[in-house]
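Have a look at the structure below before the remarks.
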Amino acid sequence: PNRQPMPTTWEEAQALQQRCSIGRLVGGVIGGGLGYAASRDDGRTWAVPLGALLGSQVGCNAGQGRGPLPW
């Protein structure tokens, strides 16, 4: 698969972590919003958190420059 090389310096590792954090935030907000929009009434109690969780995982991968899915 298309694996990125490991960071070689502390600064590279910090930059990757920061991009992951920003991607998690953006992905979680977008995923939660999609879960809210796609669900109704009682379904929102599980759809919004699930959308936020999945969105944060996709956001971290995308923020680090990898594909959005972990596989």
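The values are calculated or read from the model by the stated rules, or taken from the named source; none is laboratory data. From a predicted model like this one, the values you see are computed outputs, not experimental measurements. Please note: Cβ atoms are built from the backbone with ideal geometry, for glycine as well, and neighbour counts cover all protein chains shown. Heads up: the accessible areas ignore ligands, DNA and RNA and are worked out on the full protein's heavy atoms, side chains in. Shrake-Rupley method; radii C 1.70, N 1.55, O 1.52, S 1.80 Å.
Here the chain is assigned +1 on the Cβ of each Lys and Arg and -1 on the Cβ of each Asp and Glu. Its dipole about the Cα centre then comes out at about 100 debye.
Surface analysis of the chain yields an accessible area of 77 Å² per residue, using protein heavy atoms and a 1.4 Å probe. Scaled to the globular estimate 2.2 N^0.38 Å, the Cα spread of segment 31-71, given as radius of gyration, is 1.28. Counting only protein heavy atoms and a probe of 1.4 Å, the accessible surface of the chain is 64% carbon and sulfur.
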